1. Would you point out which residue out of 130, 91 is in contact (Cβ under 8 Å) with a residue 60 or more places away in the chain and not in a helix (DSSP H, G or I)?
2. How about the stretch 217-237: which of its residues are within 29 Å of residue 162 (Cβ to Cβ) and buried (at least 20 other Cβ atoms within 10 Å of the Cβ)?
3. If you go through the stretch 177-205, how many residues are within 23 Å of residue 325 (Cβ to Cβ) and either free of Cβ contacts under 8 Å to residues at least 60 places away in the same chain or in contact with a helix residue (DSSP H, G or I) (Cβ under 7 Å, 6 or more places away or on another chain) (or both)?
4. Could you count how many residues in the stretch 57-88 are part of a strand (DSSP E or B) and more than 14 Å from residue 40 (Cβ to Cβ)?
5. Find all pairs meeting these conditions: Cβ atoms under 6 angstrom apart; at least six residues apart or on different chains; first residue within the stretch 152-165 and assigned by TED's automatic domain parsing to the domain that holds residue 92; second residue surrounded by 21 or more Cβ atoms within 10 Å (Cβ to Cβ) and part of a strand (DSSP E or B).
6. Quick one: which of 51, 40, 57 is in contact (Cβ under 8 Å) with a residue 24 or more places away in the chain, in the same structural domain as residue 107 (by TED's automatic domain parsing), under 30 Å from residue 164 (Cα atoms) and within 23 Å of the chain's Cα centre (by Cα)?
């Protein structure tokens, strides 16, 4: 995104009912992992429905730089010929991940298990984001961090382990990125690498590792946690992957249809992994009409067709343990809450304050001057939104939304949805 300090008018108008059928873009989490595991496998991996956004394309470039053959074979169709576990070659230049924290952190894990040195870098936003929570367990496994900014920030040099060690690691927070980095490094270690989570995070890495042939077992740990055990040094085999439609992207037309009277839309192939469907659960609790049909699965990931119709929503309290399954959707939920009767309370939102922007405060600031005055966002991990007035036409300026980082695209979609 090109950003200017000069105020730029952005205008949205009320619309009539939303109707029709659409498939939203492929899921970013699955797209990253398909490329990375394809690069660590032996043989060819064919990926269809890949999200061809900048973040994923930077991961594709990184896999090429590390020795895999990555080619685009058609619209959203890609082929990856991998180098095998621990087979990455030293890159000739720094690996630039742009604004993608997911791509950067997952590839750190994959590189940590290889006897190579790589420099990781990104844009100004990514350079400001913390990496230490991922680097700590990777250093326990034998990787070494060379030159790095304060707090392990980019750009940094990562020296992969020559003899990676299996570890038993308890994640300090519910984070699929930390877990995935440890598991990807554990592929190169002898024995069993174990990750224990107090709160279960997205399990895309575990499901896809199994799809590629790894021996991995996930069991319940406590009331909400998981224990994942990976047997190291497998030979992964290339596999076909169909990327499901991204539930985070689907959240926008779903909420828009719910709040615009007379809307009736159908969305195909939406991922229905239980660790990604917290928003849909919450919307149904609020009274949303969301019907699922045509269920199927691919690469371990379930998907289904959704029919969504305009609904009269009511406020609810969202439990904090649901946060990992909808961490990227709380902000669009705030839009739904602004049109719901009563109060919606959300808890467990700490991670939203350390994204590209403080998304929690920025979303509250967005809703406040344009019809949702009764909101409360404290310094902690919770937010409260109450019903707004009638929707209508809003004229917004970038300088009025200074809480948003210009490279953080997510809030802009919520702004225009708020205007309906």
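The values are calculated or read from the model by the stated rules, or taken from the named source; none is laboratory data. All of these numbers come straight from a predicted model, not from anything done at the bench. Here the Cβ positions follow ideal geometry from the backbone for every residue, glycine too, while neighbour counts run over all protein chains shown.
1. 130
2. Within the stretch 217-237, 228, 230, 232, 236 meet the criteria.
3. Matching residues across the stretch 177-205 total 19.
4. Total satisfying the criteria: 7.
5. 154/120; 156/120; 158/118
6. Sole residue among the options that is in contact (Cβ under 8 Å) with a residue 24 or more places away in the chain, in the same structural domain as residue 107 (by TED's automatic domain parsing), under 30 Å from residue 164 (Cα atoms) and within 23 Å of the chain's Cα centre (by Cα): 40.
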